[in-house]
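The values are calculated or read from the model by the stated rules, or taken from the named source; none is laboratory data. Computed from a predicted model, the values in this text were never measured in an experiment. Cβ atoms come from the backbone with ideal geometry, glycine included; neighbour counts cover every protein chain shown.
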C-alpha cells in the first residue's frame, strides 16, 4: 500500500521524504519490522519506541513515524528514510492499521461492552443471542477471540492493540461475520486502541474501584472518564441504572441515545421476581408489553444484570423473545461462574477469581443463594504479588464455610511456601480449613465432602487448561478433572 494512502485520516502530521513508497507491513514493535515497513514509535510505560528507531531501520523500515512530544534528539535517521512526525502516534497507529487492512470495521456491526465487572459474561450472552437469531458473530475479549465458531486464538489482553484488532476485523470480514461483540477495556479507550471505531451499541455494566496504578489509571476519575469515551463512539447505549456511576452516564453522554436497565431502580428494562438456586437463576422481565420468564444456567444476581444488558441489545435488534430465552438458558462462559454439568446435579463452580476482591465477590455471591455450605478451593500464583496471599486466606476463612488451600500456578516458587503465606491470613479468622498441596486431590476432597445443598467453588484457574510449574505448562483442565473424579465416584 502506498504510504500516502496509509496516512489518510491523520489530522496533524509533517512529512520529510517520499510518501509514494510502497509499504508492505507496519508495526510499533521494531523486532517485527521487515523489508519495506512503516515503523510507528510509541511511548509506552516500560519502553519508548523512539529508542528503537535505528533498529527498525536496520530491520527494513523505509518509513518511520515519531511522536512530536518525544525526545527526538540523538535519533539518527538516514535521508533515504521517509520520516513522519505527528502529535499522537497511538491514534496514528489505529488509523494506519485500519487503512492497511481496508477499514474492515466499517463493514461490521460493532457492539462494545465496558465496565469493571461482567464484560466477559455479557459479551458471551449477546453472542449466544445473535447466533440463535441466525447471525454470524465475532467475539473479542479476555478469554478467547472468535470468528463465528472458529477460535482465532487465546486473548493476550482484554482489548487488543489497534494493529492486532484491525487484523482480527479483516479476518472476520473475509469470513462473512456480521456482528462483532467485544469487551472494551478502560485502558484500550485511554490508549486509543479503539480510536476511530464506530459502535452500533455500547454497554456500561458497572463501576468499581480497580485498575488504579502507575501503568493504568491515576485515579478513579481517570478510570471512569476513560470508560465514558465509548459512548462518544456509539449510536445507542444501554446502562446499568442500579450502578451509582452508571446513573451519571446518560447525563454526561448526551450525544448517544442511552436507555437503562435495572433491578432496583426504575429503568427501561426491569427485572422482577428473581429466584436463585445453586445451578441457575430465573427472573421476570417485560418485553414489548409481555411478561417473559428468563432462565440462565449461571447462578447469581450479577447474572441478571448481565442478561438485562444482553436482552436490551436483543430488543434493539428486534430478536424474538423465544430466541433470547433459548440462548440465555444454554449460554456458558469458560471460567466465569462456570458450573460443570453432571448427572448428580452437584454445584461445582469454576471461577477465575484470583485476587482478594474477586474471591470475596464470588464467595459472597454464592453464599447468598446456597442452602448448604460454601466450600472454597483456591491457591495463589507464584512469582506474583505476595501481599495478596494472606488477604485471600482471610477472605476465604471469613466467607466460606470450609476452605481447602492448594496450589494455583506455583511457577518457580515452592507451593508449600505460597500456602504458608495464605495460612497467615486464614489463621486470623475462625474459618475451618485444610491444606492439600496437590490441586487435583484438593478438588477430589472437596467433592467427596459435599452434598446436593452445598456448592464447591474452584477459584483461580478459570478458563486456563494448564498449571504452570517450574517454567512448564502442564495440562490441567478443571472441567475434565471434575468429570473424571465424578466418574470414579460412580
Entirely in the range 1-103, the strands (runs of 3 or more DSSP E) that have 3 or more residues that are without any contact (Cβ under 8 Å) to a residue 40 or more places away in the chain and surrounded by 16 or more Cβ atoms within 10 Å (Cβ to Cβ): 61-67
statement: Just one listed residue, out of 93, 72, is touching a strand residue (DSSP E or B) at 6+ places or on another chain (Cβ under 8 Å), under 20 Å from residue 169 (Cβ atoms) and not assigned by TED's automatic domain parsing to the domain that holds residue 226, and it is 93
message: residue 298 - would you say it is within 30 Å of residue 448 (Cβ to Cβ) and in the same structural domain as residue 481 (by TED's automatic domain parsing)?
response: no
message: Can you find, within the range 296-327, the residue that is nearest to the chain's Cα centre (by Cα) among those that are farther than 21 Å from residue 240 by Cβ and not in a helix (DSSP H, G or I)?
response: 297
- prompt: Got a sec? Which strands (runs of 3 or more DSSP E) wholly within the range 328-412 have at least 1 residues that are touching a residue at least 60 places away in the same chain (Cβ under 8 Å) and in contact with a strand residue (DSSP E or B) (Cβ under 9 Å, 6 or more places away or on another chain)?
  reply: 347-351, 374-378
query: Among the candidates 111, 126, which residue alone is in a helix (DSSP H, G or I), closer than 26 Å to residue 258 by Cα and touching a strand residue (DSSP E or B) at 6+ places or on another chain (Cβ under 8 Å)?
result: 126
query: Got at least one residue in the range 120-137 being buried (at least 20 other Cβ atoms within 10 Å of the Cβ) and more than 21 Å from residue 329 (Cβ to Cβ)?
result: no
- prompt: With the range 154-254 as the region, which helices (runs of 4 or more DSSP H) entirely inside it contain at least 2 residues that are outside the structural domain of residue 44 (by TED's automatic domain parsing) and over 29 Å from residue 33 (Cα atoms)?
  reply: 220-228, 246-252
- prompt: Looking at residue 443, is it in contact with a helix residue (DSSP H, G or I) (Cβ under 9 Å, 6 or more places away or on another chain), buried (at least 19 other Cβ atoms within 10 Å of the Cβ) and more than 18 Å from residue 352 (Cβ to Cβ)?
  reply: no
Pick from the range 462-490, criterion in a loop (DSSP other than H, G, I, E, B) and at pLDDT 95 or above, ranking: surrounded by the most Cβ atoms within 10 Å (Cβ to Cβ): 476
- request: Answer yes or no as to whether residue 117 is surrounded by fewer than 22 Cβ atoms within 10 Å (Cβ to Cβ), outside any helix (DSSP H, G or I), touching a helix residue (DSSP H, G or I) at 6+ places or on another chain (Cβ under 8 Å) and assigned by TED's automatic domain parsing to the domain that holds residue 317.
  value: yes
